[in-house]
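See structure below.
The values are calculated or read from the model by the stated rules, or taken from the named source; none is laboratory data. Note that the coordinates shown come from a computational prediction; the quantities given were computed from them, not determined experimentally. So basically every Cβ, Gly included, is an ideal-geometry build from the backbone, and we count neighbours across all protein chains shown.
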Amino acid sequence: MTQLKKTAAQMVQEARDRIEEIETPDLIGMVDDPNVVIVDIRDVRERQRTGFIPGSFHAPRGMIEFWVDPDSPYHKDIFAQDGKKFVFHCASGWRSALTVATLQDMGFEAAHLKDGFGSWEKSGGPVEKKD
């Protein structure tokens with residue numbers, strides 16, 4: 001196998017070094033803040049299996065750049081809201097770190113849940129499940 005120039009772990013660390021990371025207890029305290037938009041980038045099957053943060057918006061990681069970009073035919077209006085703090089999360093914080101770094105490269109300011117949904121559950125954050 002060809003040796004990679006950079007590992008996934010290195011990419012995540014580089015992203016974390018330059019983005020805002022929110023600790024789980026802090027985001028639990030923001031869950032009802034109308035100025036905070038929590039964006040779940042996990043696969044729909046993860047959300048179905050483990051539940052999700054109440055009120056979170058689901059945006060699959062594979063579409064996020066297109067949904068955020070106002071010039072994209074796939075743009076979602078939720079990302080055009082001024083004055084909102086967008087906090088992205090995945091299961092453990094790796095995918096969301098990479099996502100937020102990419103969005104910042106595009107000029108979209110956001111943060112991510114440092115330790116992901118797994119930490120949210122362990123810390124007693126509210127979880128909604130659908131049948």
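So the values come out like this:
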quantity	calculated
Residue identified as of a type in the set (A, V, I, L, M, F, W, C), surrounded by fewer than 21 Cβ atoms within 10 Å (Cβ to Cβ) and closer than 24 Å to G125 by Cα among A97, A111	A111
Hey, K130 among the basic types (K, R) and either surrounded by fewer than 17 Cβ atoms within 10 Å (Cβ to Cβ) or at pLDDT below 95 (or both) or not	yes
Residue match in region 55-72 (condition: surrounded by 14 or more Cβ atoms within 10 Å (Cβ to Cβ) and in contact (Cβ under 8 Å) with a residue 60 or more places away in the chain)	no
